[in-house]
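The values are calculated or read from the model by the stated rules, or taken from the named source; none is laboratory data. The structure presented is a predicted model; accordingly, all values stated were derived computationally and were not measured. Quick reminder, even Gly has a Cβ in these numbers, built from the backbone with ideal geometry, and neighbours come from all protein chains shown.
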Amino acid sequence: MFLNDGTNRFQITTGGNALSQDVGNQSPSVHFVDYELRYDSQSGLASLTDSLGGEHGVVARSGNGATNRVVWGASSSAGQGSTTWNQLAINTVPEPSSALIFVMASAGSLFLRRRRA
Amino acid sequence: MRCFALLSVLLLLSLPASFASAGLLLSYESGVAGAVGQAGAADPTSQGWSVNTAGSAPDYSFGQDSGMGGWRITDGTSRDLYFYQCDLTSSQASLMQSQDWAANWTVGVNADAVGRPGIGTVNDYYSAVPGRQNNNVLWIEVANEYLYVLSY
C-alpha cells in the first residue's frame, strides 16, 4: 500500500502485489481512473482491471471477513491520504440461466426445421 | 413446431424471473462529470452511507465537494481517519457469496490535499510528499467469506 517516488505513478497494492497506474500530478487537476473488481462465485476469486488497460489478475484476499460492509476513504488512523471519488457501484452479475440456454436451443431447432421444410 | 414456438415464447417470458436476483447492491454517484471545475458532488451521507470521522482534527480530516468532479476524502493527519461505510444486509451479503458480482469505481488522487478558509489549498501531498498518500482504500467485506482491501 503505497504511492511510489513521485514520478506520476500510482500504485495500488493488494497483499504484496504492486499494481501501478498513472494519475495526474498537476495541481489542482485530478485524473480519474476507472477500476473494476470482478468476483467469480464458482472459483471464489476476484480479478482487477482498470480503464488504462491494466489487467491486474487475481486479487489476494486480506482475510475471511468478520462483518458485512463496504468502506471507502481513509480507513486507517496511522496514515494520510486524499482522493476524489466520482462514483462507486457494486452489482451482481447475471449468469446465463438454464432457461436461456433451453430457449436458444429451441430457437435453433425451430430455425433448422424451417430451413428443412 | 407450434409447440416449440409456444414453449420458446413461454420461456422468454419467464426470463425476467430467472434474472430477478441480478442488479445493483449499493452505490455512490457524485452526480457530476469527472473533470476540473465540476462542482456539486453529492454528499455520500445523502445516499445511505455513514461517515466515520474518528479523530480530533476536523480541519485536516474531512469530506467535501472537490469541485473537480467528485467527492474528496482527506485525512491529513497520522492519527485520524475519515471514511464512508455501508453495512450490507443479510440478503445482500448472501448474494455476494452465492453470485458473481462486480465492483466498479472511479477515483483520482489529489495533490492539494488540505484546504482551509483563509489558507487555501496546500500542495503538499502527491507532488511534494507522495509518501503521504498511504491511507486510501476500498474495502469489501463479507463475514466468513472474504475481505478485499484495495489500497493506494
> Say we look at region A:47-81 and pick out the residues that are among the polar types (S, T, N, Q) and in contact with a helix residue (DSSP H, G or I) (Cβ under 8 Å, 6 or more places away or on another chain); which of these is surrounded by the most Cβ atoms within 10 Å (Cβ to Cβ)?
Replying inline: A:Gln80
>> I'd like to verify a number: residues in region B:40-80 that are over 17 Å from B:Leu138 (Cα atoms) and in contact (Cβ under 8 Å) with a residue 60 or more places away in the chain, how many?
In response: 0
> So is A:Gly44 modelled with pLDDT under 90, over 21 Å from B:Gln47 (Cβ atoms) and surrounded by fewer than 13 Cβ atoms within 10 Å (Cβ to Cβ) or not?
Replying inline: no
